[in-house]
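Worksheet for the structure shown next.
The values are calculated or read from the model by the stated rules, or taken from the named source; none is laboratory data. In this text the structure is predicted, and so the values were computed from the model without any measurement. Here the Cβ positions follow ideal geometry from the backbone for every residue, glycine too, while neighbour counts run over all protein chains shown.
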Amino acid sequence: MKYFVIFWLLAIIAIPISFLLLVEQQWIWFLILFLFVCAARLDAVRISIRTGAWGNTPQACASKKLLAKYTTQKPTIVGRGWGYFLQRKWAGTSSVLSMRNFTGRRDDGCWAAGSTIKTVSQYFKKYNFTFPSHPSYDDITIGSWIAAGCHGSGGDAGGPSSSVLQYAEVVCFDTPHTSQSVRKVKSYKKIREIFDTKGHNCVITWIKFHKLWPNHLVQKSAFDVNTLDGAEQWLSKGAILRVLFVGAARDGMGIRWQMPYYNTEHMDPHCCSKCCTFIQADCCSACCGFREKYTNWNGLTTLREANRWCPTILPIETFITVVGGYKNFEIIFRVVEMTPTLLLNMVTQLREMHREIGGRTEIRYGTGVVFWDLSLQQSFERPYMLLQKLGVVRIALHLSKYNPEIYDVIPVVKVGTVYFNTEENITF
């Protein structure tokens, strides 16, 4: 990551220096720095800096045509580069296949897998439809969303993000090529079997969606989750989306989106509301603990906007994250029954842990599967130990995030094993 830090440090410093050169009328040097600053804002450059590679960037084409480009080599697959950034690794320099230009929509309604969630949801917005849930940051490719087992914030009254998958076209680059090298996969369970396998050499090329939801109004609420009443409120029926944050600076803070419950003229998003929600809920859980009064957290919004409640991630944010030594990883597990008592126990013990080691945890729960999304600088084994203490017998790790290799505390299985609650004897 040192090259990532050096590049963005230069890009940040170049801005004030270029203004100084402009004042001093040093035209040549000003032009050089100005062009560098502009280049740093290009999407292709940002993705390449996250991955450490340029690679081949084909336009959308037939799956078999893409397969034919790799008759002797197995490519390294890159989407928008966020997985490589979170895992703190480079894609390498040989045979990199970047899907960032593999975008668009076919006449049969299939979407090229390099299209972003934002692009696809914007299209469906015109017809007043949207996804029931999807990853809250929508600048990731739909191929990565499905292949990496990413998820949304769906609650008990919502729908899992995987429910919108009708089928995906999957290309396997293993040589020699066979009739099975290009497949139409209709089962999300089968998708997990393919992409949860270590060392797989497959990529999703096209995706067809179905079972979208009307883009109806929902209403947000927020409250403390530091008592049984707060835990019961967060778990109560009717949550279309819900998240919970706890960290070094604050006890549990629950957020829910449900059908409108209160007559208000407060509409989200409005000026800076998305950024303020994210900073207060996420960042301020780890430091300072600031939040507005909860009566300000009652805004009405559409389901589409509720799902994409995270603002755009700026380069300065990723720079601070890397320099600060923060690692983002996610633990996926099941509990026999999520009760208010168990949830409060989780939140209380996470709060104690974060007071000692810093950072924060975001909890997501719909029905059955629990997600702990953690940002820590140190002591990565502590959440594993906490889960073992809570009686969790096995976990999975998000494929596109940092994976602390601490496998001697609690068994780590494949994501699909937890999602579908199946048996698996293999421990990584």
Subset of the stretch 146-187 (residues that are aromatic (Phe, Trp, Tyr) and either surrounded by fewer than 21 Cβ atoms within 10 Å (Cβ to Cβ) or touching a Cys at 6+ places or on another chain (Cβ under 6 Å) (or both)): 167
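Identify, please: which residue in the stretch 369-407 is of a type in the set (Asp, Glu) and over 22 Å from residue 281 (Cβ atoms) and is, among those, surrounded by the fewest Cβ atoms within 10 Å (Cβ to Cβ)? Walk me through how you get there before you give the answer.
Just the residues of the stretch 369-407 that are of a type in the set (Asp, Glu), to begin with: 373, 381, 405.
After this cut, where a residue has to be over 22 Å from residue 281 (Cβ atoms) as well, the list is 381, 405.
Numbers: 381: 13, 405: 9.
Out of the qualifying residues, it is 405.
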If we keep just the residues of the stretch 200-249 that are among the basic types (Lys, Arg) and farther than 18 Å from residue 142 by Cβ, which is surrounded by the fewest Cβ atoms within 10 Å (Cβ to Cβ)? 237
Looking at (1) at pLDDT below 95; (2) buried (at least 21 other Cβ atoms within 10 Å of the Cβ); (3) within 19 Å of residue 75 (Cα to Cα), which is the one condition that is false for residue 143? (1)
Say we look at the stretch 250-296 and pick out the residues that are closer than 20 Å to residue 158 by Cα and modelled with pLDDT under 95; which of these is surrounded by the most Cβ atoms within 10 Å (Cβ to Cβ)? 268
Where the second residue is among the polar types (S, T, N, Q) and buried (at least 17 other Cβ atoms within 10 Å of the Cβ) and the first is at negative phi and outside the structural domain of residue 414 (by TED's automatic domain parsing) and lies in the stretch 172-194, which pairs have Cβ atoms under 7 Å and are six or more apart or on separate chains? 172/181; 182/63; 188/162
Scanning the stretch 1-58 for residues that are among the polar types (S, T, N, Q) and under 22 Å from residue 102 (Cβ atoms), the one surrounded by the most Cβ atoms within 10 Å (Cβ to Cβ) turns out to be 51
Name the pairs: first residue in the stretch 243-257 and free of Cβ contacts under 8 Å to residues at least 40 places away in the same chain, second residue among the β-branched types (Val, Ile, Thr), Cβ to Cβ under 8 Å, at least 6 apart or on different chains? 253/225; 253/246; 254/225; 254/243
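For residue 171, indicate whether it is more than 24 Å from residue 396 (Cα to Cα) and part of a helix (DSSP H, G or I). Please lay out each step first, then the result.
Values: more than 24 Å from residue 396 (Cα to Cα): yes; part of a helix (DSSP H, G or I): no.
No.
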Pick from 168, 157, 147: which is aliphatic (A, V, I, L, M) and closer than 30 Å to residue 260 by Cα? 157
Being outside any helix (DSSP H, G or I), more than 18 Å from the chain's Cα centre (by Cα), in contact (Cβ under 8 Å) with a residue 24 or more places away in the chain and over 20 Å from residue 216 (Cβ atoms): is that true of residue 288 here? yes
With free of Cβ contacts under 8 Å to residues at least 24 places away in the same chain and farther than 24 Å from residue 326 by Cα as the only criterion, which of 233, 219 stands out? 233
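Among the candidates 325, 358, single out the residue that is buried (at least 17 other Cβ atoms within 10 Å of the Cβ), of a type in the set (Gly, Ala, Ser) and either on the phi > 0 side of the Ramachandran plot or not assigned by TED's automatic domain parsing to the domain that holds residue 121 (or both).
Numbers: 325 fails: buried (at least 17 other Cβ atoms within 10 Å of the Cβ).
Sole residue among the options that is buried (at least 17 other Cβ atoms within 10 Å of the Cβ), of a type in the set (Gly, Ala, Ser) and either on the phi > 0 side of the Ramachandran plot or not assigned by TED's automatic domain parsing to the domain that holds residue 121 (or both): 358.
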Return yes when residue 44 is closer than 24 Å to residue 118 by Cα, in contact with a Phe, Trp or Tyr (Cβ under 9 Å, 6 or more places away or on another chain), part of a loop (DSSP other than H, G, I, E, B) and in contact (Cβ under 8 Å) with a residue 24 or more places away in the chain and no when it is not. no
When the stretch 1-16 is checked residue by residue, the ones that are part of a helix (DSSP H, G or I) and more than 12 Å from residue 36 (Cα to Cα) are 2, 3, 4, 5, 6, 9, 16
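Determine whether the stretch 273-294 contains at least one residue that is of a type outside the set (A, V, I, L, M), more than 25 Å from residue 314 (Cβ to Cβ) and touching a strand residue (DSSP E or B) at 6+ places or on another chain (Cβ under 6 Å). Even if it seems obvious, please write down each step before you answer.
First, the residues of the stretch 273-294 that are of a type outside the set (A, V, I, L, M): 273-278, 280, 282-285, 287-294.
Then keep just the ones that are more than 25 Å from residue 314 (Cβ to Cβ); that gives 293-294.
So of that shortlist, the ones also touching a strand residue (DSSP E or B) at 6+ places or on another chain (Cβ under 6 Å) come out as 294.
The answer is yes, given that some residue of the stretch 273-294 is of a type outside the set (A, V, I, L, M), more than 25 Å from residue 314 (Cβ to Cβ) and touching a strand residue (DSSP E or B) at 6+ places or on another chain (Cβ under 6 Å).
Table: residues versus (1) buried (at least 20 other Cβ atoms within 10 Å of the Cβ); (2) in a loop (DSSP other than H, G, I, E, B); (3) in contact (Cβ under 8 Å) with a residue 12 or more places away in the chain.
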{"site": "60", "(1), (2), (3)": "yes, yes, yes"}
{"site": "67", "(1), (2), (3)": "no, no, yes"}
{"site": "72", "(1), (2), (3)": "no, yes, yes"}
{"site": "77", "(1), (2), (3)": "yes, no, yes"}
{"site": "80", "(1), (2), (3)": "yes, yes, yes"}
{"site": "84", "(1), (2), (3)": "yes, no, yes"}
{"site": "90", "(1), (2), (3)": "no, yes, yes"}
Looking at the stretch 184-205, is at least one residue farther than 23 Å from residue 112 by Cβ, under 21 Å from the mean Cα position of the chain (by Cα) and in a helix (DSSP H, G or I)? yes
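Could you say which residue among 101, 128 is surrounded by fewer than 16 Cβ atoms within 10 Å (Cβ to Cβ) and in contact with a His (Cβ under 9 Å, 6 or more places away or on another chain)? It would help to see each step written out before you state the result.
Numbers: 101 fails: in contact with a His (Cβ under 9 Å, 6 or more places away or on another chain).
None of the others qualify; the one that does is 128.
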